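J.: Structure provided below as structure tokens; questions to follow.
Derivation of every value follows stated rules applied to the coordinates shown; laboratory data play no part. Keep in mind that this is a model prediction, so the values were computed, not measured. Cβ coordinates were reconstructed from backbone atoms using ideal geometry, including for glycine residues, and neighbour counts include every protein chain displayed.
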Amino acid sequence: MPSPLSRLWLPGLLLAASLGLSAQTRVEPPKNRYTIEQDVQMGREAAAEVRREYPLIDDPDIDAYLDGLGKRLVAVAPPALNHPQFQYSFTPVNLTDINAFALPGGPMFVNRGMVTAATTEGEVVGVMAHELAHVLLRHGTANATKAQGFQIGALAGVIAGAVVGGGWGEAISQGSQLGLGTWLLKYSRDYEKQADLLGAQIMARAGYDPRDLARMFETIGRQSKGTPPQWLSSHPNPGNRSQYIAQEAALLTIAAAADTSGFAPAKARFEALPAPRGTTGSARGSSSGNVAVGTVGRPVPAPARTWRTMRGGRLFEVDIPTNWTAVPSNNTIKYVPQNAYGPMRGVTVQTHGVELGTLRASSRDLARATDDFVSTLMRGNADMRIAGRSTSMRISGHVALATPLDNQSPLGGIEHVQVFTTLLSDGSLFYFLTVVPDSDAREYDPVFERIGQSLRLFDR
């Protein structure tokens with residue numbers, strides 16, 4: 001029988017117990033070959049990309065509220081992990097996705113959806129403490145340490161276009177994740193448990209009950225209605241989460257209760273914000289009506305004559321008119337003009353623009369994989385019909401197929417959909433899809449042609 005004074009070692013964790021005495025779990029940072037300065041550089045570059053591409057909230061009261069919570073947590077972070085080089089910031093984002101993330105070196109972004117999903121300030125603080133723990137433990141660059149071929153400085157598009165995959169209806173439910181975001185922001189279950197435990201300890205020192213973190217997981221699980229929110233998709237459940245957080249809470253002394261009187265007015269202010277631009281919802285047939293780029297049904301401006309190069313993580317680059325908006329999510333990147341994406345009659349629709357993504361191919365045969373993809377699109381869009389034979393072409397040197405489709409436009413009349421597909425080196429199907437009403441097709445066809453010609457794939 002082991003001695004009650006024995007110690008149990010787990011990866012990155014040291015749990016100590018003694019006769020009649022308990023101590024908080026000791027959490028050790030994982031192996032990391034990067035310097036603190038590289039964490040800061042990486043986080044600063046990635047944060048600049050987020051600020052360019054995401055709809056930030058410009059509200060002094062909301063800024064002050066999140067900044068106050070963040071500074072309260074940083075002030076009680078373990079000094080051995082809280083490196084003076086870190087550059088903390090706490091930025092609100094006008095997106096309804098239940099999501100928050102922190103980048104190496106300190107920048108943290110909190111979606112309005114995370115705050116409005118919370119029922120108490122402790123739940124918001126729990127998420128922020130968990131994200132702060134990832135920064136303190138340097139999990140982003142620890143992931144990069146384990147990855148092959150990662151290069152500091154290759155950060156363009158790290159967040160806004162870091163993950164691509166899916167799109168319309170049910171077609172991309174098995175989308176693959178690509179790009180630097182998988183290293184910086186997608187954590188293992190071991191790292192999640194570390195962040196839960198260290199986050200709980202930081203909460204207690206700041207005057208919050210760590211059990212609120214467990215309650216937040218339960219809250220967002222209920223509100224997600226069976227569809228895992230973005231935060232949980234990149235923060236996998238290590239198992240028995242509520243149980244071990246409660247056990248850790250029992251080992252901790254909670255400091256004098258924090259003043260939470262600011263939560264109710266802050267939450268009300270978040271809820272009163274204008275409709276967010278959004279990053280989720282299928283392009284067609286979605287039941288999500290809370291995301292938009294402008295107002296569908298209003299005039300769609302002509303494509304700009306100026307262009308900018310956008311990146312989809314490490315997978316692709318593409319030139320897009322400068323007056324189009326990127327709408328990234330876990331599984332797709334859309335580029336749409338104003339008033340071309342948003343809710344209409346209870347579903348979220350896309351009337352103009354393009355979509356790029358990957359999915360797990362049903363076959364290594366391009367024609368068969370394309371047929372299956374198109375069939376799935378048609379099952380999700382009852383009025384969609386094949387408008388001609390698939391033709392051979394090339395996308396960035398890859399053998400590809402072009403398949404024309406027609407569909408009923410949400411704006412009335414017919415819309416034309418072109419689906420371009422090719423197989424990637426890992427066997428995934430990459431697609432590039434265009435959509436435009438028949439009345440605007442002549443104006444948009446040369447724009448789509450230039451976008452397609454500019455597309456560069458880097459999967460090899």
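J.: Based only on other Cβ atoms within 10 Å, what is the fewest-to-most ordering of Tyr208, Tyr88?
T.: The order, fewest Cβ neighbours first, is Tyr88, Tyr208.
J.: Modelled label-to-label distance, Thr306 and Lys71, 7 Å Cα→beta-carbon offset: nm?
T.: Calculated label separation equals 3.7 nm.
J.: Of the listed peptides 45-51, 108-114, what is their order by residue-averaged count of other C-beta atoms within 10 Å, with the highest listed first?
T.: 108-114, 45-51
J.: Order these by the 10 Å Cβ neighbour count, fewest first: Ser188, Ser375.
T.: Ser375, Ser188
J.: List, largest first, the extents of the alpha carbons of segment 292-448 along their principal axes, each in whole Å.
T.: 42, 34, 29
J.: Arrange Trp307, Trp324 by Cβ neighbour counts within 10 Å, fewest through most, would you?
T.: Listing Trp307, Trp324 from fewest to most nearby Cβ atoms yields Trp307, Trp324.
J.: Nearest 0.05, what FRET efficiency do Gln87 and Ala382 give at R0 = 35 Å with Cβ-Cβ as r?
T.: Numbers: r = 51 Å, r/R0 = 1.47.
Step by step, r from the Cβ atoms, then E = 0.10.
J.: In nm, to one decimal, how far is the Ala246 label point from the Thr295 one, both placed 7 Å along Cα→Cβ?
T.: About 4.9 nm separates the two model spin labels.
J.: Another question, then. Write down the Kirkwood hydrodynamic radius of segment 57-149, to one decimal in angstroms, obtained as one divided by the mean of 1/r over all alpha carbon pairs.
T.: Evaluated on segment 57-149, it is 13.8 Å.
J.: In debye to the nearest 20, how big a dipole does segment 307-457 give about its Cα centre with +1 on each Lys and Arg Cβ and -1 on each Asp and Glu Cβ?
T.: Details: 15 positive and 15 negative charges, 84 e Å.
Computed about the Cα centre, the dipole is about 400 debye.
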